[in-house]
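Let me give you the structure first, and then I'll get to my questions.
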Amino acid sequence: MSSSIAGRDVALVDLVDRLLAGGVVIAGDITLSVADIDLVHVSLRALVSSVPSLEARGAMPRMGDSL
Amino acid sequence: MAPGLIEPIEHDGLVTHVSRVPLAEFGEQPLRENLNDLDWLERVARAHETVLEAALEHGPIVPLRLCTIYEDEAGVRSMLASEDVRLRDALERLDGRLEWGVKLLVSRDALAAAARERSPEVAALEEELAARQGGGAYMVGRRLERCVAEVTERLASELADDVHAQLGDWARDSVLSSPQNRELSGHEGEMLLNGAYLVDADRTHELRALLAELEERHRGLGARLELTGPWPPYNFVTRGAGAHA
């Protein structure tokens with residue numbers, strides 16, 4: 001691996017871990033409180049992790065059909 | 001956010017990189033909603049990361065939190081003036097250093113197998129189980145199961161402690177994050193450690209060698225170490241972020 005980042009496939013989860021939890025927090029003119037950011041983090045987790053479970057639910061009727 | 005024009009705004013030798021965004025999208029209320037839209041968040045997050053990575057190639061940077069918004073250039077300049085000491089301090093500390101992410105992944109099965117092989121308590125219970133029949137065997141079986149689970153847990157935490165201690169002692173600074181949810185990251189096995197380490201840029205090869213050595217040392221436990229980076233130093237912008245700041 002070279003030390004260059006260009007072309008690297010960065011996983012969204014790694015990025016979000018850092019972007020929403022890290023970095024210097026400086027009050028801007030529009031400020032989201034840390035609590036807001038943490039809520040986003042939680043809802044993002046919920047959103048992303050709901051995808052496989054939706055697929056699982058989609059598979060349920062098919063399992064029922066075969067019974 | 002379209003990959004818009006990035007403009008430098010300079011004040012007294014410090015430069016910020018900004019891009020103009022519409023208030024209809026980045027005002028306080030729309031922002032709160034948009035941050036919960038995964039596609040929007042991904043687009044903005046990747047744009048933010050792209051700019052930081054490009055800037056990082058030219059020298060030390062201090063990443064600001066995603067969506068730090070100012071109404072005009074004067075606001076940015078006044079921020080640079082009021083944060084001057086803090087920003088310079090961080091830039092000096094981060095000069096020539098890179099953030100790397102290290103994840104420790106194991107297979108629960110390999111850990112449990114190691115627990116069976118290594119623990120005398122487990123071995124004694126297995127012997128006892130082999131000698132019993134009927135209800136007695138059931139009870140011993142339950143105790144054996146519990147014992148294997150406990151030893152597995154202990155092995156996992158000793159493993160994570162060892163890896164983090166070795167990396168943490170060696171790196172300039174370190175920060176632990178919560179292990180990621182498997183559904184989110186799609187990793188195989190169980191994540192025992194999700195750490196960030198600040199490393200001198202010219203010692204990257206030593207980091208790789210240390211990771212290979214740790215992986216080899218814990219091969220019997222099915223340990224895998226995953227390296228990501230180099231990252232903009234998101235986790236190390238604040239002095240005292242970790243144990244060795």
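Readers should treat all values here as calculations from the given coordinates under stated rules, not as data from a laboratory. This is a predicted model, so every value here is computed, not measured. Using ideal geometry, Cβ is built from the backbone for each residue, glycine included, and neighbour counts are taken over all protein chains shown.
Helix-only mean residue ellipticity at 222 nm, chain B, DSSP H runs n ≥ 4 weighted -39,500 (n - 2.57), per residue, nearest 500. What is it?
Details: 10 runs with 129 residues, N = 245.
That comes out to -16500 deg cm²/dmol.
Sticking with this one: Counting pairs of alpha carbon atoms under 8 Å apart in space and at least six apart in sequence, what relative contact order in percent does chain B give? Numbers along the way, then the final one.
On the way: 294 pairs, mean separation 66.5, N = 245.
For chain B, the relative contact order is 27 percent.
For segment B:110-141 and segment B:188-219, write down the distance between their C-alpha centroids in whole Å.
So the two Cα centres are separated by 34 Å.
Show me the GluC sites (Glu not before Pro) within segment B:144-218 that DSSP assigns to loop and that have at most 13 other Cβ atoms within 10 Å of their Cβ. Present the calculation step by step, with values, prior to reporting the outcome.
Values: sites: B:E145, B:E150, B:E153, B:E158, B:E183, B:E188, B:E190, B:E206, B:E213, B:E215, B:E216; in loops: B:E188.
Passing both the DSSP loop test and the Cβ count: B:E188.
Moving on to the next point. At a Förster distance of 35 Å, what's the computed FRET efficiency of B:R108 paired with B:D39, Cβ-Cβ distance as r, to 0.05? If you can, show how the numbers build up before the last one.
Working: r = 34 Å, r/R0 = 0.97.
Result of the calculation: an efficiency of 0.55.
So how do B:I69, B:I6, B:I61 line up by other beta-carbon neighbours within 10 Å, fewest first? Present the calculation step by step, with values, prior to reporting the outcome.
Values: B:I69 17, B:I6 14, B:I61 22.
Listed from fewest to most nearby Cβ atoms, that is B:I6, B:I69, B:I61.
Same structure, new question: With unit charges on the beta carbons (Lys and Arg positive, Asp and Glu negative) and the dipole taken about the Cα centre of segment B:61-186, which residue among B:A112, B:L159, B:L129 sits farthest to the positive side?
So the residue furthest toward the plus end is B:L129.
Still on this structure, I have one more. Sort B:L98, B:L31, B:L227 so the one with the fewest other Cβ atoms within 10 Å of its own Cβ comes first.
Working: B:L98 24, B:L31 21, B:L227 15.
Ordered by Cβ neighbours within 10 Å, fewest first: B:L227, B:L31, B:L98.
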